[in-house]
Amino acid sequence: MHEGKLSRGQLQAWALNRYYYQSIIPIKDSIILSRGPDPVFRRAWRKRVVDHDGDATSEGGLKRWIKLAEATGLDPNQVRAGNGVLPATRFAVNEYLNIVRSRSLLEAVASSLTELFSTNLITLRMEKLRQHYPWLAGGLDYFEARLYQAPEDSQFAANYVYDNAKTRAEQELAVQALSDKCDILWAQLDALYFAYVEPGWPPPGAFRTEAR
């Protein structure tokens with residue numbers, strides 16, 4: 001992507017599959033919110049749900065991602081319905097929900113700390129998308145918003161983990177949760193690469209890039 005080597009169809013496959021991940025983020029955050037015993041924590045975490053779902057004053061990240069998908073040429077109804085999403089994407093994303101449901105609140109919060117690394121990546125991604133795929137320029141609002149949302153969110157989560165991971169065992173659980181979240185993100189990328197780059201074998205029922 002950053003080298004400008006993707007076809008429009010490959011970008012569509014990425015946008016479609018990534019939307020499935022985006023669509024569960026407010027669900028994930030609602031689960032964490034429901035587990036928070038402290039009103040201060042709940043008020044801070046509630047912001048994440050609004051950031052993605054939107055409210056009366058903001059369209060939210062999900063709608064912004066739909067704009068990106070539309071900019072690639074996808075039908076927004078297809079994207080929302082998840083038609084053609086890779087089975088591996090569904091499996092990996094659903095595992096993220098399992099983490100925040102079944103593990104401790106500390107681990108659930110720690111799993112979100114991939115946001116610590118996102119600001120530089122998003123800045124680079126926006127630069128490269130504008131450079132190599134100028135026809136996507138009207139769909140980059142999602143990334144613009146994350147430039148200020150992600151640092152604030154990650155700082156709160158990092159402070160929570162720092163304050164609550166008191167023992168070596170708790171610290172190792174937090175690190176493992178973050179590592180597992182990274183595995184989930186890598187699994188999605190690996191599935192996309194296998195299906196749409198090399199060897200380029202999308203499974204039955206998955207999105208096809210032919211003639212796109």
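The values are calculated or read from the model by the stated rules, or taken from the named source; none is laboratory data. Here the structure is a predicted model, which means the values were calculated and not measured. Don't worry about glycine lacking a Cβ; one is built from the backbone with ideal geometry, like all the others, and counts go over all protein chains shown.
For the condition among the hydroxyl-bearing types (Ser, Thr, Tyr), over 30 Å from residue 199 (Cα atoms) and surrounded by fewer than 20 Cβ atoms within 10 Å (Cβ to Cβ), what is the one hit in 102, 112? First the steps, then the outcome.
Values: 112 fails: surrounded by fewer than 20 Cβ atoms within 10 Å (Cβ to Cβ).
On inspection, the qualifying residue turns out to be 102.
Among residues belonging to region 194-212 that are surrounded by 15 or more Cβ atoms within 10 Å (Cβ to Cβ) and in a loop (DSSP other than H, G, I, E, B), point out the one that is farthest from the chain's Cα centre (by Cα).
Keep residues of region 194-212 that are surrounded by 15 or more Cβ atoms within 10 Å (Cβ to Cβ), which gives 194-196, 202, 206-207, 209, 212.
Still in the running and in a loop (DSSP other than H, G, I, E, B): 202, 206-207, 209, 212.
Values: 202: 21, 206: 20, 207: 19, 209: 22, 212: 25 Å.
Checking each candidate, the answer is 212.
May I ask you to list the residues in region 1-52 that are of a type in the set (Asp, Glu) and surrounded by 14 or more Cβ atoms within 10 Å (Cβ to Cβ)? First the steps, then the outcome.
Of region 1-52, the ones of a type in the set (Asp, Glu) are 3, 29, 38, 51.
Hits for region 1-52 are 29, 51.
Of the residues 171, 149, 176, 155, which is among the polar types (S, T, N, Q) and under 28 Å from residue 78 (Cβ atoms)?
On the way: 171 fails: under 28 Å from residue 78 (Cβ atoms); 176 fails: under 28 Å from residue 78 (Cβ atoms); 155 fails: under 28 Å from residue 78 (Cβ atoms).
After applying the criteria, what remains is 149.
Within region 49-71, work out how many residues are at pLDDT 95 or above and either over 20 Å from residue 30 (Cα atoms) or part of a loop (DSSP other than H, G, I, E, B) (or both).
The qualifying residues number 6.
Identify the single condition in (1) closer than 16 Å to residue 136 by Cα; (2) in contact (Cβ under 8 Å) with a residue 60 or more places away in the chain; (3) in a helix (DSSP H, G or I); (4) in contact with a helix residue (DSSP H, G or I) (Cβ under 7 Å, 6 or more places away or on another chain) that residue 74 does not satisfy, given that it satisfies every other one.
Unmet condition: (3).
Give me the residue from region 180-193 that is out of contact with any Ser or Thr (no Cβ under 9 Å at 6 or more places or on another chain) and either within 30 Å of residue 160 (Cα to Cα) or in contact (Cβ under 8 Å) with a residue 40 or more places away in the chain (or both) and, out of that set, surrounded by the fewest Cβ atoms within 10 Å (Cβ to Cβ). Talk me through it step by step, then tell me what you get.
Going through region 180-193, the residues out of contact with any Ser or Thr (no Cβ under 9 Å at 6 or more places or on another chain) turn out to be 183, 186, 189-190, 193.
If we keep only those that are either within 30 Å of residue 160 (Cα to Cα) or in contact (Cβ under 8 Å) with a residue 40 or more places away in the chain (or both) as well, we get 183, 186, 189-190.
Details: 183: 13, 186: 11, 189: 14, 190: 13.
Per the stated criteria, the residue is 186.
Looking for something out of contact with any strand residue (DSSP E or B) (no Cβ under 7 Å at 6 or more places or on another chain), more than 16 Å from residue 114 (Cβ to Cβ) and assigned to a helix (DSSP H, G or I) - is there at least one such residue anywhere in region 146-158?
Yes: region 146-158 contains one or more residues that are out of contact with any strand residue (DSSP E or B) (no Cβ under 7 Å at 6 or more places or on another chain), more than 16 Å from residue 114 (Cβ to Cβ) and assigned to a helix (DSSP H, G or I).
Give region 17-56 a look and list any residue that's basic (Lys, Arg) and farther than 18 Å from residue 106 by Cβ, or say none.
Residues satisfying the conditions are 18, 43, 46, 47.
Can you tell me which residue in region 122-159 is farthest from residue 109 (Cα to Cα), limited to those that are of a type in the set (Gly, Ala, Ser) and buried (at least 16 other Cβ atoms within 10 Å of the Cβ)? Quick ask: steps written out before the conclusion?
Here is the first cut: in region 122-159, the ones of a type in the set (Gly, Ala, Ser) are 137-139, 145, 150, 154, 157-158.
Checking which are buried (at least 16 other Cβ atoms within 10 Å of the Cβ) leaves us with 139, 145, 150, 154, 157-158.
On the way: 139: 29, 145: 21, 150: 14, 154: 10, 157: 6, 158: 8 Å.
Here the answer is 139.
Looking only at region 166-184, which residues are β-branched (Val, Ile, Thr) and part of a helix (DSSP H, G or I)?
Step one: list which residues in region 166-184 are β-branched (Val, Ile, Thr), which gives 167, 175, 184.
Hits for region 166-184 are 175, 184.
If you go through region 119-140 one residue at a time, do you hit one that is closer than 20 Å to residue 91 by Cβ and either in contact with a Pro (Cβ under 6 Å, 6 or more places away or on another chain) or in a helix (DSSP H, G or I) (or both)? Steps first, please.
Narrowing region 119-140 to residues closer than 20 Å to residue 91 by Cβ: none.
Checked region 119-140: no residue is closer than 20 Å to residue 91 by Cβ and either in contact with a Pro (Cβ under 6 Å, 6 or more places away or on another chain) or in a helix (DSSP H, G or I) (or both).
Which pairs do you get when a residue that is in contact (Cβ under 8 Å) with a residue 40 or more places away in the chain and outside any helix (DSSP H, G or I), found in region 100-117, comes within reach of a residue that is crowded, with 20+ Cβ neighbours inside 10 Å and polar (S, T, N, Q), reach meaning Cβ atoms under 9 angstrom, with the pair 6+ apart or on two chains?
If the second residue must be crowded, with 20+ Cβ neighbours inside 10 Å and polar (S, T, N, Q), the pairs left are 103/111.
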